[in-house]
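Asks: Sharing a structure, written as structure tokens. Questions coming.
FYI, it's all coordinate maths here, none of it is from the lab. Source: prediction; values computed, not measured. FYI the Cβ positions are ideal-geometry reconstructions off the backbone, even for glycines, and counts take in every protein chain you see.
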Amino acid sequence: MVVGCIPRREFPKGLVITISGPPGSGKSHCASRLAETYGVPCHSAGSIFRSIASERGLSLEELSKISASDPSIDREIDRRTEEYAKAGGCILEGRLVSWFSRVEGRLSFYLTAPLEVRAKRIAEREGLSLEEARLKTAERQEGERQRYLSVYGIDISDLSGYDFVINTSIWGKEEIVALLVSIIDLYIRYHAGAQHK
């Protein structure tokens, strides 16, 4: 299907699109491209973290060290995510955004890819060897799973709460963006119009 065949509607004010997934899945790229496509803001867990660091006069490294033993930082990220979700009309990106944006009219995507593919992407992006990237990615993923299970009781390996789970290894970056746009346009056309008038 050609994306341009679907008449583009205005992004409904109350609509929230969430993009989640493990490291190297392509969620940041897709979220920023969707925000550009629809002319709406994109709020990522990373950008919220940077805002908190700036507000406190800390470097990202300093805030990272604090957040390792102080769960209030994560709670603040979650609180702001919930606020953005309630306001609507935006793209939210991050590991837990779908869990903290349970509002009516939310469309949630989980992007993933095999570890080997994600490790290769991270190796290229961060200048690491493939083996370093593979180990780093696997450790980070398991560490986050354990942390979120311990802090929130959330098992991020449970994908049952997502509307769409997409393997980003089978197409290129822009093809994945086009697929997401097609799904969102269809949702707006057939569902969101009545909900967000």
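Asks: Helix-only estimate, please: 222 nm mean residue ellipticity of the chain, summing -39500 (n - 2.57) across DSSP H runs of length 4 or more and dividing by its residues, to the nearest 500.
Replies: Numbers: 7 runs with 99 residues, N = 197.
My calculation for the chain gives -16000 deg cm²/dmol from helical runs alone.
Asks: Given the peptides 54-65, 38-49, arrange them by the average over their residues of other C-beta atoms within 10 Å, most packed first.
Replies: So the order, starting with the most tightly packed, is 38-49, 54-65.
Asks: Counting only Cα atoms, I'd like the Rg/Rh figure for region 115-174, Kirkwood definition for Rh.
Replies: Details: Rg = 13.7 Å, Rh = 13.2 Å.
My calculation of the ratio gives 1.04.
Asks: Let me ask another. Whose amide H sits under 5 Å from the amide H of residue 108, counting only residues 5 or more places off or on another chain, with H placed in the peptide plane?
Replies: Excluding prolines and chain starts, which carry no amide H, the hits are 18, 163, 164.
Asks: If contacts are Cα pairs under 8 angstrom and at least 6 residues apart, what is the relative contact order of the chain in percent?
Replies: Numbers: 253 pairs, mean separation 67.6, N = 197.
Relative contact order for the chain comes out at 34 percent.
Asks: Sticking with this structure for a sec: To the nearest 0.05, what FRET efficiency results for residue 47 and residue 158 with a Förster distance of 30 Å applied to their C-beta separation?
Replies: Details: r = 26 Å, r/R0 = 0.86.
Calculated value: 0.70.
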